[in-house]
Amino acid sequence: VTSGGCVDTAAAIAITVVNSPPGNPAVFGNNVWNAYAYSDNTFTTYAGYYTEPSLSFISTGQYTTNQSPSSAPSYQGCLVQPTFFSVSFKRTNFTPANYQVDLTGVDDNITLFVNGVQVYIHGCCINPPATINNIWTGYLGISDQVEIRWSQNAGPSIAGMNFTPVIPAPLNPGA
């Protein structure tokens, strides 16, 4: 192998150049969260993705508050800096039930969509163990789609939500 005037007897190594990051941000994870990472905080420059298998999650289960989504163990794609990034978590195929959703962490901004309708938005900041309970309650089934959009500015980052099956209150006609 000759390169720049240097000669080496080692075998050549094939290098694959990827023109675009893997994953399709339009696809909702099937009974998992597809976490699509962007290298800006406006969901413009797609960088890659990882999967979150748990229904309820917090980003620190995948990486620290001083890291970015590209530090998640299953991440595939381009490097994302630890500040000024955004993530779109998408999931479908829920076990049919009524769910209560609690916000368990956000730094800096988070928005919850159910079947394309914005049902909740919150700015900075909620850090564990603080939570905001019952930001949304409703039925989710196998064909429902949930998206959580999280944008991070400067400093530490965190995002988390709990999805808890609940028994709906009984109807009391005339009450």
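The values are calculated or read from the model by the stated rules, or taken from the named source; none is laboratory data. All values derive from a computational prediction rather than experimental measurement. Reconstructed Cβ throughout: ideal geometry from the backbone, glycine too, with neighbour counts over all protein chains shown. Surface accessibility is based on the protein's heavy atoms, side chains included, excluding ligands, DNA and RNA. Shrake-Rupley method; radii C 1.70, N 1.55, O 1.52, S 1.80 Å.
Only residues that are out of contact with any Gly (no Cβ under 8 Å at 6 or more places or on another chain), open to solvent by less than 50 Å² (accessible area, probe 1.4 Å) and not in a loop (DSSP other than H, G, I, E, B): list them for the stretch 25-45, please.
Residues satisfying the conditions are Gly29, Trp33, Ala35, Tyr38.
Quick one: which of Thr104, Thr60, Thr51, Thr92 is within 13 Å of the chain's Cα centre (by Cα), closer than 24 Å to Asp144 by Cβ and of a type in the set (S, T, N, Q)?
Thr51
Take the conditions within 18 Å of Asn34 (Cα to Cα) and in a strand (DSSP E or B) and apply them to Val80. Does it pass?
Here the answer is no, as Val80 does not meet what is asked.
Could you run through the stretch 22-45 and say how many residues are without any contact (Cβ under 8 Å) to a residue 40 or more places away in the chain and touching a Phe, Trp or Tyr at 6+ places or on another chain (Cβ under 6 Å)?
1
Those residues that are over 19 Å from Ser20 (Cα atoms) and either without any contact (Cβ under 8 Å) to a residue 60 or more places away in the chain or part of a loop (DSSP other than H, G, I, E, B) (or both), I need them from the stretch 46-57; list them, please.
Glu52, Pro53, Ser54, Leu55, Ser56
Can we say Gly61 is at pLDDT below 95 and closer than 22 Å to Gly155 by Cβ?
Taking the combined requirement at face value, the residue does not satisfy it.
Run down Ile135, Ile142, Ile126 and say which single residue is open to solvent by less than 70 Å² (accessible area, probe 1.4 Å) and in contact with a Phe, Trp or Tyr (Cβ under 8 Å, 6 or more places away or on another chain).
Sole residue among the options that is open to solvent by less than 70 Å² (accessible area, probe 1.4 Å) and in contact with a Phe, Trp or Tyr (Cβ under 8 Å, 6 or more places away or on another chain): Ile135.
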